[in-house]
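Have a look at the structure below, then the notes.
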Amino acid sequence: MASGIFIVPVLVSFGGVGIRTAVAASIVSVIACSCGSAAAFLRAGLTNIRIAIVLETATTLGALTGVFLGGLLPPSVLFLLFAAILLLSARQMLVARQREAAPAAPLEADSADWATVLKLHSSYPEGSLGRPVHYRVHRVPLGLALMYGAGLISALLGIGSGVLKIPAMDTALRLPIKVSSATSNFMIGVTAAASGVAYFALGDINPLVAGPVAIGSVIGALLGARFLMAVSGERLRLFFVVVLLVLAVQMLLEAFGMHLGRRS
Amino acid sequence: MNEGLGRHHKLESLLARVLDQGAWLASGVIAVGWTMVAGGWRASWVINSGVALFLLLPVLRVVIMLVVFLRERDYRFSAITALVLSIIVLGALLGIHMT
């Protein structure tokens, strides 16, 4: 679950923090949260680290673009963009991913495609079958282009942007869902580090904001995982959809210069 | 690397360990710094070190991958990994240059 998407709206609306400081602090939390889950996915053997490093060339480049573009865009544009991403996340949460039965990939793909040259095809252990499932990787150039965009949005808004990475991997590369979730999670850390290091060098990271927020989100992620298991999936999904919609409205209000949460 | 073309079992478990333990270390440093600041010390630099540790953790992960790919004489992936590393370094240099 992407917690990064909640941090910037809350910091801006209720913490009275400027959007640049909020984004930079959120990026640190995104790394903090991704480390634990990335480790768990690696241990489960679901992460394809070769695909990850190939796509990271695009996400990190997108991240740098995002950091420097962010300094040029007026905050109202960032708030609008944030509202759009929140709405997209809400929609994605309503329409659960349902593509497990992808059309069987052609076994004899042309041997000159990128994925074959780069040896990206792999396998993952499928618990329900008790044996590894082999999969092929498709359309790497399209994947790279989409990942550039995901990296840009991640750096611009201080989010992990799994909301963009996972559908990109599902549709462009046609990865099995478990592999795309795990690999996206693995890439989030490096993508966020690329923008985080740049924000750090620019002096945009305020330790008194970023530190507590990072600790808070690590603890939140630990407690959240327990909580998620105890609550029914359907109600939880509706709850998140409502929260995302409320935050989207809040971001729209900020975009038009109206502040609800704070007096000033 | 037995089943499938692209699995690196040893590297996967090494990276999992590094990310896990690194995250605990960085969290610990931030928590100590935060406690010191709350106690009236001028210790925001301690928090900053913890934040820097978090930022460097994924970079360390890329460096480890580079070393492993070089050892495996997988020069194509060494080059790809080196490219990711240079993009991150470029961001840092641009950031320093612009302040």
Q.
Test of understanding: what is the full-extension gain from A:ARG91 to A:PHE256, defined as 0.36 nm times their sequence separation minus their Cα-Cα distance?
A. 57.1 nm
(Q) Run the helix sum for chain A: -39,500 (n - 2.57) per DSSP H stretch of 4+ residues, divided by residue count, reported at 222 nm to the nearest 500 deg cm²/dmol. (A) -23000 deg cm²/dmol
Q. Roughly speaking, what is the stretch gain from B:ARG42 to B:GLN21, that is 0.36 nm per residue apart minus the C-alpha to C-alpha distance, in nm to one decimal?
A. 4.8 nm
Q) Given a cut-off of under 8 Å on Cα pairs at least six residues apart, what relative contact order in percent is computed for chain A? A) 40
Q. Taking the Cα centre of the stretch A:109-264 as the origin, how large is its charge dipole in debye, to the nearest 20, when only Lys and Arg (+1) and Asp and Glu (-1) carry charge on their Cβ atoms?
A. 300
Q) Under the definition of partner shielding as Cβ atoms of other protein chains within 10 Å of a residue Cβ, what is the mean value for peptide A:27-34? A) 4
Q: Specify the angular offset, from 0 to 90 degrees and rounded to the nearest 10, of the alpha carbon long axis of helix A:19-43 from the longest principal axis of the alpha carbons in chain A.
A: 30
Q. Modelled label-to-label distance, A:VAL133 and A:LEU208, 7 Å Cα→beta-carbon offset: nm?
A. 5.1
Q | Relative contact order (%) - the stretch A:135-264, alpha-carbon pairs under 8 angstrom, separation at least six | A | 18
Q) What FRET efficiency, computed as 1/(1 + (r/R0)^6) with R0 = 41 Å and r the Cβ-Cβ distance, is obtained for A:PHE68 and B:THR35, rounded to the nearest 0.05? A) 0.70
Q.
Running a GNM on chain A with Cα contacts under 10 Å, which residue among A:VAL179, A:VAL218, A:VAL117 ends up with the highest mean-square fluctuation?
A. A:VAL117
Q: Please work out whether the stretch B:13-98 counts as rounded, prolate or oblate from its C-alpha gyration tensor, where a ≥ b ≥ c are the square roots of the eigenvalues and a/c under 1.5 means rounded, while otherwise a/b larger than b/c means prolate and anything else oblate?
A: oblate
(Q) Can you give me the angle between helix A:4-14 and the longest principal axis of chain A, using Cα atoms only, in degrees from 0 to 90, rounded to the nearest 10? (A) 10
(Q) Would any residue of the stretch A:178-219 have its amide N under 17 Å from a label point 7 Å out along Cα→Cβ of A:ALA44? List them or say none. (A) A:178-189
(Q) Quick query: amide H of A:VAL133 versus all other amide H atoms, modeled in the peptide plane; which residues come in under 5 Å with a sequence gap of 5 or more or a different chain? (A) A:TYR124, A:GLU126
(Q) Assuming 0.36 nm per residue, please report the length gained on full extension of the stretch A:ALA145 to A:LEU222 beyond their Cα-Cα distance. (A) 24.4 nm
Q. Pick from A:ALA230, A:ALA192, A:ALA22: which residue has the top mean-square fluctuation in a GNM of chain A where Cα pairs under 10 Å get a spring?
A. A:ALA230
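Since every read-out is calculated from the coordinates, none of them should be taken as a lab result. Because the structure is a prediction, the values reported are computed rather than measured. For neighbour counting, all protein chains shown are included, and Cβ atoms are generated from backbone atoms with ideal geometry for every residue, glycine included.
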